[in-house]
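Heads up: the structure comes next, in structure tokens.
Every number in this text was worked out from the coordinates using simple rules, so none of it is lab data. Being a predicted model, the structure only gives us computed values, none of them experimental. Heads up, the Cβs are rebuilt from the backbone with ideal geometry, glycines too, and the neighbour counts pull from every protein chain shown.
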Amino acid sequence: MKKLLSIVGILAMFITFSCKKDHTCTCSALGISADTVLTDMSKKDAKETCEGMSASAFGIDVTCKLK
């Protein structure tokens, strides 16, 4: 019985942490911000994608963070 509960617990953790869902990425520059929805992604992938959208050009910095 203990082994069964351990297996169920491990599976529940795996499903919870690998769940793909929608995440919101907020980017801002010059006091203006805009939200972008990243669909069907794990939190880790969404954070990586969002932060990868940050840029700097012509002295203007665009910073993006996952909400």
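Could you run the Karplus curve 6.51 cos²θ - 1.76 cosθ + 1.60 with θ = phi - 60° over region 19-36 and give me ³J(HN,Hα) per residue in whole Hz, x for Gly and Pro?
5, 9, 8, 7, 10, 10, 10, 10, 10, 9, 7, 6, x, 10, 10, 9, 9, 10
Want the number for residue 48 to residue 66: 0.36 nm per residue separation, take away the alpha-carbon distance, what's left?
Roughly 5.6 nm would be gained on extension.
Taking the Cβ of residue 65 as the centre, find all other residues whose Cβ is under 14 Å away and add up their charges (Lys, Arg: +1; Asp, Glu: -1).
Charge balance near residue 65 sits at -1.
In terms of the ratio Rg/(2.2 N^0.38 Å) built on C-alpha atoms, what value belongs to region 21-67?
Output field value: 1.15.
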